[in-house]
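The structure appears below as C-alpha cells.
The values are calculated or read from the model by the stated rules, or taken from the named source; none is laboratory data. In this text the structure is predicted, and so the values were computed from the model without any measurement. Glycine also receives a Cβ, built like all others from the backbone with ideal geometry; neighbour counts cover every protein chain displayed.
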Amino acid sequence: MYNSIVLVKQVPDTSNISGQVMKEDGTVNRAKLPAIFNNEDKVALELALQVKETFGGKITALTMGPPRASDVLRECLFMGADEAYLITDRKFAGADTLATSYVLSEAIKKIGNFDFVFAGRQAIDGDTAQVGPQTAEKLQIPQITYAEKVLDIKNRKARVKKKIDGGYEILETTLPVLITVIKDAAEPRPFSAKRVMAYKGAKSLLELEKLAEGNSLLYVDQLVHEYRSRSLFIPTLTTDDLNVEVERCGVKGSPTKVHTVESVVLAGGEPVRIENSKAGMSNLIDELMKDHIFG
Ligand SMILES: Cc1cc2nc3c(=O)[nH]c(=O)nc-3n(C[C@H](O)[C@H](O)[C@H](O)COP(=O)(O)OP(=O)(O)OC[C@H]3O[C@@H](n4cnc5c(N)ncnc54)[C@H](O)[C@@H]3O)c2cc1C
C-alpha cells in the first residue's frame, strides 16, 4: 500500500485576461475571473489513482487557497480522492512560490504518512513550475519532474518515466518522492456519478460556519461531528494548525512582486523562401544573427 498526497490548485481561467484583473499591488484580482481546476493537477490526481488501483493506499488532496478553493477539493473527491484538506488563512494570501511551497511542505509534514507527493508541472496562472521542486527541497525528499508514468514500485523504490527533449528517461527513486506531472501523461478520468452523489455535500469548516450563521438551531461543533461521521468533512488548516512562522507566509514571506501582466500575441510574419545554395544559407545566417537567434 502506498499513500499519495496530491497538490491541486484552483486557478483563474486565464484564457481571457483583461487590464482590470491586476490589482495595484501586482497580485491578481481572482474575483474577476472564473475559477477552474488546474488541468495538470487533474492529471497528477489521475496518476495517483493509477498507483492506488495497482498497489492500494490512500489519496489525500491538498490545496492552499481562499475558502472557495474547496470546489476543487470536492472535484478531487468526485474523481476518487479519499480525503481532502483546505489550507486557508488571510495570512497565506499573496504568496509567491517560496511562501507557497513553505506552507505546503509544512501541511504535508502535518498530514504525514505519505509515499508519493504528486503535483502538476505548472499552474496556468503563475506558470513558474517552481512549487513542486521547492516543496520537495523543503521536505528534503527526491523529486522527479516532467513525469509521464509510475512504471512500478518494489522494495520501497519506484521507477518513473520522465519526458525529456526528444525522448524519455526511466529513473529509479527511493520513497517518499515528489513527482510533477505533465499534461499529456494521462487523460484524467471523468467524475464518477456515484461519487458526485456521495460527496456533493462535502463541506469545509468555513462552509459549515456559514451554514450555522444566523441559525440558532445549528451548532458548528455538531455539524463538524455529523459531517465527519459521514466522511463529508473537508478539514481546514490555518496558521494556528501548522508549525509555520507567519513572517514566511503570504505577502510577508514573498520576495517576488508581479508588477504587470501583459497578453502577448505572437503574430507570424510573411514566409521567406531560402534558396538551396551557399548564398541562400549565408543570407539565412545573417537574418538569424540580426534577430539575435545566432550570435
Ligand atoms: C502572472 C503571475 C506571475 C507570477 N510570477 C511569479 C514569479 O515569477 N515568481 C513567484 O515566486 N511567484 C509568481 N507568481 C505567484 C504564483 O502564482 C504563486 O506563488 C502561486 O502560489 C504558485 O506559483 P505558480 O502558480 O507558478 O505554481 P507552479 O509552480 O506553476 O505550480 C506547480 C504545481 O504546484 C502545485 N501548486 C501550486 N500552487 C499550489 C497551491 N496554492 N496549492 C496546492 N498546490 C499548488 C500544483 O500541483 C501546481 O500544478 C505569479 C503569479 C501570477 C498571477
- Criterion: within 27 Å of residue 201 (Cβ to Cβ), of a type in the set (S, T, N, Q) and modelled with pLDDT of 95 or more - qualifying residue of 60, 97: 60
- Query: Does residue 120 count as under 13 Å from the mean Cα position of the chain (by Cα) and within 13 Å of the ligand (Cβ to nearest atom)?
  - Reply: yes
- Apart from one, (1) surrounded by fewer than 19 Cβ atoms within 10 Å (Cβ to Cβ); (2) away from the ligand (no atom under 14 Å from the Cβ); (3) not small (Gly, Ala, Ser) all hold for residue 74; the odd one out is (1)
- Pairs where the first residue, in the range 108-131, is closer than 29 Å to residue 21 by Cβ and the second is among the acidic types (Asp, Glu) and more than 6 Å from the ligand (Cβ to nearest atom), C-beta under 8 Å, 6+ apart: none
- With respect to residue 127, determine if the residue is away from the ligand (no atom under 13 Å from the Cβ) and either closer than 21 Å to residue 253 by Cβ or acidic (Asp, Glu) (or both). no
- Query: Do you know which residues across the range 248-284 are out of contact with any Gly (no Cβ under 6 Å at 6 or more places or on another chain) and part of a helix (DSSP H, G or I)?
  - Reply: 248, 252, 253, 278, 279, 280, 281, 282, 283, 284
- Message: Within the range 68-82, does at least one residue satisfy the condition of being among the β-branched types (Val, Ile, Thr) and under 23 Å from residue 1 (Cα atoms)?
- Response: no
